[in-house]
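Q: Can you keep this structure in mind? I'll have questions shortly.
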Amino acid sequence: MKITRRLIDITGMRDIIQRRIPVLTLDSKIPGPTVWLTACLHGDEVGGTVIVHEVFQRLKQAGLLNGVIHALPLINSMGFENISRFVNTDREDLNRCFPGNASGSMGERIAGRLFDTITRTGPDLVIDLHNDWIHSVPYILIEPDVHYSSKKIRQRTFSIARAAGLLLVEDSDAYHALSNTLTGAIVETGVPAFTIEAGGSYGIVEQSVAAGRDAVLATLRKLGMTDLPDQRSTRSPNRELLTYSNRPLCATSGLVRFAVAPGENVKANQVLARVYSAFGSCEETLRARGPGYVLGLADHARVLPGCEVIAIAELSA
Ligand SMILES: [Zn+2]
């Protein structure tokens, strides 16, 4: 099966910052679902790019039973070059610019072109691949209730995401604004979409790439697009939907030392971390506010009041 490669213009500019980004397509030529994989929307989150490469390589060899898969493997080329999350012309977070605006900021213009490119193909599913803190485990982020166009779309999204076999975590507007994300804008149009947070940013974490690749392939198996055997070595034991939390935040400044690791279950009140002053005295002890599962730990030891240092998937009360 042949992979089609093309380049699309994303900035609409000429001469100074002409930018084109790669699009990969695998078309079975048999009627079926249209699926999009998107990666490196945040320029320092490179693991998703490699997940796209591996998914396409597997499907190129095994063939696609039906439908078509498109991928944008490296969206934020400006951020990628500068090892930065942002669109570097003005430090915009591209994943807060959707569905975009043709006469808006650079980020909004790029988002608009990406959004149009995806939606005009009549997609059945969009999976956006991201990477989290360096010390983190792979998980799926689901949009909170308010973003879906209907209950039916929410249920369909959940049932497809559950097939991926990773920990399922509902994002929350309580900690960071979720409006204007790619997956948020897509589910608002009535199309299932979710995010895979496939381990750490900056470098390629092979174990996380394998987990992300196998999760995508499991999703495609669920849609009947491939019969590649399930080779997942790890599957989340937790079948219920958990809730994302970045609490507790630090209240002091100093150096944070963790008492837990990503992937660990925690109980209510369990010590998560301690903050030490430059003299070595313990200034603060951070404790779990309820039972949950550690998703990731901050990249930097330096903390200030209000710093988020841990991501936890909390069990529903
Ligand atoms: Zn990201």
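The values are calculated or read from the model by the stated rules, or taken from the named source; none is laboratory data. All values reported here derive from a predicted model rather than from experimental measurement. Positions of Cβ are backbone-derived with ideal geometry, glycine not excepted, and every protein chain shown enters the neighbour counts. Quick note on the areas: whole protein, heavy atoms, side chains included, nothing else; ligands and nucleic acids left out. Shrake-Rupley method; radii C 1.70, N 1.55, O 1.52, S 1.80 Å.
Q: Which one of these does I51 not meet: (1) within 15 Å of the ligand (Cβ to nearest atom); (2) assigned to a loop (DSSP other than H, G, I, E, B)?
A: Here I51 meets the rest and fails (2).
Q: Where in the stretch 193-288 are there strands (runs of 3 or more DSSP E), lying wholly inside it, with at least 1 residues that are at pLDDT below 95? Outline the logic, then answer.
A: Details: elements: 193-200, 242-245, 254-258, 271-276, 282-287.
Fully inside the stretch 193-288 and qualifying: 193-200, 242-245.
Q: Can you tell me which residues in the stretch 289-305 are more than 30 Å from L166 (Cβ to Cβ) and in a loop (DSSP other than H, G, I, E, B)?
A: Looking only at the stretch 289-305, we keep the residues that are more than 30 Å from L166 (Cβ to Cβ), and these are 302, 304-305.
Listed by number, the residues that qualify are L304, P305.
Q: Can you say whether I75 is within 14 Å of the ligand (Cβ to nearest atom) and either over 27 Å from T189 (Cα atoms) or open to solvent by 40 Å² or more (accessible area, probe 1.4 Å) (or both), as far as the supplied structure shows? Lay out the reasoning, then the answer.
A: Values: within 14 Å of the ligand (Cβ to nearest atom): yes; either over 27 Å from T189 (Cα atoms) or open to solvent by 40 Å² or more (accessible area, probe 1.4 Å) (or both): no.
In short, no.
Yes/no matrix, rows are residues, columns are (1) more than 19 Å from R247 (Cα to Cα); (2) assigned to a helix (DSSP H, G or I):
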{"residue": "D116", "(1), (2)": "yes, yes"}
{"residue": "G122", "(1), (2)": "yes, no"}
{"residue": "L129", "(1), (2)": "yes, no"}
{"residue": "L141", "(1), (2)": "no, no"}
{"residue": "V146", "(1), (2)": "yes, yes"}
{"residue": "K152", "(1), (2)": "yes, yes"}
{"residue": "R162", "(1), (2)": "yes, yes"}
{"residue": "D173", "(1), (2)": "no, no"}
{"residue": "L178", "(1), (2)": "no, no"}
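Q: Further question: For the stretch 8-29, indicate whether the set of residues that are more than 16 Å from the ligand (Cβ to nearest atom), farther than 24 Å from V187 by Cα, free of Cβ contacts under 8 Å to residues at least 24 places away in the same chain and not in a loop (DSSP other than H, G, I, E, B) is non-empty.
A: Within the stretch 8-29 (the criterion being more than 16 Å from the ligand (Cβ to nearest atom), farther than 24 Å from V187 by Cα, free of Cβ contacts under 8 Å to residues at least 24 places away in the same chain and not in a loop (DSSP other than H, G, I, E, B)), the answer is yes, since at least one residue qualifies.
Q: Pairs please, first residue from the stretch 264-277 and more than 19 Å from C307 (Cα to Cα) and without any contact (Cβ under 8 Å) to a residue 12 or more places away in the chain, second anywhere and of a type outside the set (D, E) and surrounded by 20 or more Cβ atoms within 10 Å (Cβ to Cβ), Cβ atoms under 8 Å, 6+ apart in sequence or on different chains.
A: none
Q: Right, R162: within 27 Å of M1 (Cα to Cα) and assigned by TED's automatic domain parsing to the domain that holds E54 or not?
A: Numbers: within 27 Å of M1 (Cα to Cα): no; assigned by TED's automatic domain parsing to the domain that holds E54: yes.
No: the conditions fail for R162.
Q: Name every residue in the stretch 72-88 that is in a loop (DSSP other than H, G, I, E, B) and either over 16 Å from F98 (Cβ atoms) or of a type in the set (S, T, Y) (or both), in order of residue number. It would help to see each step written out before you state the result.
A: Keep residues of the stretch 72-88 that are in a loop (DSSP other than H, G, I, E, B), which gives 73-76, 82-86, 88.
Answer for the stretch 72-88, where residues must be in a loop (DSSP other than H, G, I, E, B) and either over 16 Å from F98 (Cβ atoms) or of a type in the set (S, T, Y) (or both): P73, L74, N82, I83, S84, N88.
Q: Right, R91: free of Cβ contacts under 8 Å to residues at least 24 places away in the same chain, within 16 Å of the ligand (Cβ to nearest atom) and surrounded by fewer than 24 Cβ atoms within 10 Å (Cβ to Cβ) or not?
A: Details: free of Cβ contacts under 8 Å to residues at least 24 places away in the same chain: yes; within 16 Å of the ligand (Cβ to nearest atom): yes; surrounded by fewer than 24 Cβ atoms within 10 Å (Cβ to Cβ): yes.
In short, yes.
Q: Of these, G203, G212, which one is buried (at least 23 other Cβ atoms within 10 Å of the Cβ) and under 21 Å from H130 (Cβ atoms)?
A: After ruling out the rest, the residue left standing is G212.
Q: Let me ask you something else. Going by the structure shown, is V205 assigned by TED's automatic domain parsing to the domain that holds D44 and under 25 Å from I83 (Cα atoms)? Reasoning before the result, please.
A: Numbers: assigned by TED's automatic domain parsing to the domain that holds D44: yes; under 25 Å from I83 (Cα atoms): yes.
Yes: the conditions hold for V205.
Q: Let me confirm something: among I110, I140, I134, I153, which residue is of a type in the set (V, I, T), within 16 Å of the ligand (Cβ to nearest atom) and under 27 Å from D227 (Cα atoms)?
A: Numbers: I110 fails: under 27 Å from D227 (Cα atoms); I134 fails: under 27 Å from D227 (Cα atoms); I153 fails: within 16 Å of the ligand (Cβ to nearest atom).
Checking each option against the conditions leaves just I140.
Q: Report yes if some residue within the stretch 112-120 is assigned by TED's automatic domain parsing to the domain that holds G203, touching a strand residue (DSSP E or B) at 6+ places or on another chain (Cβ under 6 Å) and touching a residue at least 60 places away in the same chain (Cβ under 8 Å); otherwise report no. Let's see the steps before the verdict.
A: Kept after step one, since they are assigned by TED's automatic domain parsing to the domain that holds G203, are these residues of the stretch 112-120: 112-120.
Narrowing the set further to residues that are touching a strand residue (DSSP E or B) at 6+ places or on another chain (Cβ under 6 Å) leaves 118.
Keeping just the survivors that are touching a residue at least 60 places away in the same chain (Cβ under 8 Å) gives 118.
Yes, there is a match, as at least one residue in the stretch 112-120 is assigned by TED's automatic domain parsing to the domain that holds G203, touching a strand residue (DSSP E or B) at 6+ places or on another chain (Cβ under 6 Å) and touching a residue at least 60 places away in the same chain (Cβ under 8 Å).
Q: Can you tell me which residue in the stretch 264-317 is farthest from V169 (Cα to Cα), limited to those that are β-branched (V, I, T) and surrounded by fewer than 16 Cβ atoms within 10 Å (Cβ to Cβ)?
A: To start, the set of residues in the stretch 264-317 that are β-branched (V, I, T) comprises 266, 271, 275, 285, 294, 303, 309-310, 312.
Still in the list and also surrounded by fewer than 16 Cβ atoms within 10 Å (Cβ to Cβ): 271, 285.
Numbers: V271: 22, T285: 26 Å.
Here the residue is T285.
Q: Mind listing whichever residues of the stretch 7-50 are open to solvent by 10 Å² or more (accessible area, probe 1.4 Å), on the phi > 0 side of the Ramachandran plot and either in contact with a helix residue (DSSP H, G or I) (Cβ under 7 Å, 6 or more places away or on another chain) or among the hydrophobic types (A, V, I, L, M, F, W, C) (or both)?
A: G12
Q: Still on this structure: If you check every pair at least six apart or on different chains, which have Cβ atoms under 7 Å apart with a residue in the stretch 51-76 that is at positive phi first and a residue that is open to solvent by less than 10 Å² (accessible area, probe 1.4 Å) second?
A: Between residues of the stretch 51-76 that are at positive phi and residues that are open to solvent by less than 10 Å² (accessible area, probe 1.4 Å), the close pairs are G67/V35; G67/M225.
Q: Still on this structure, I have one more. Filter the stretch 118-142 down to the residues that are among the polar types (S, T, N, Q) and surrounded by 17 or more Cβ atoms within 10 Å (Cβ to Cβ), then identify the one that is farthest from D9 (Cα to Cα). Outline the logic, then answer.
A: Here is the first cut: in the stretch 118-142, the ones among the polar types (S, T, N, Q) are 119, 121, 131, 136.
Subsequent filtering for residues that are surrounded by 17 or more Cβ atoms within 10 Å (Cβ to Cβ) retains 131, 136.
Working: N131: 25, S136: 33 Å.
So the residue we want is S136.
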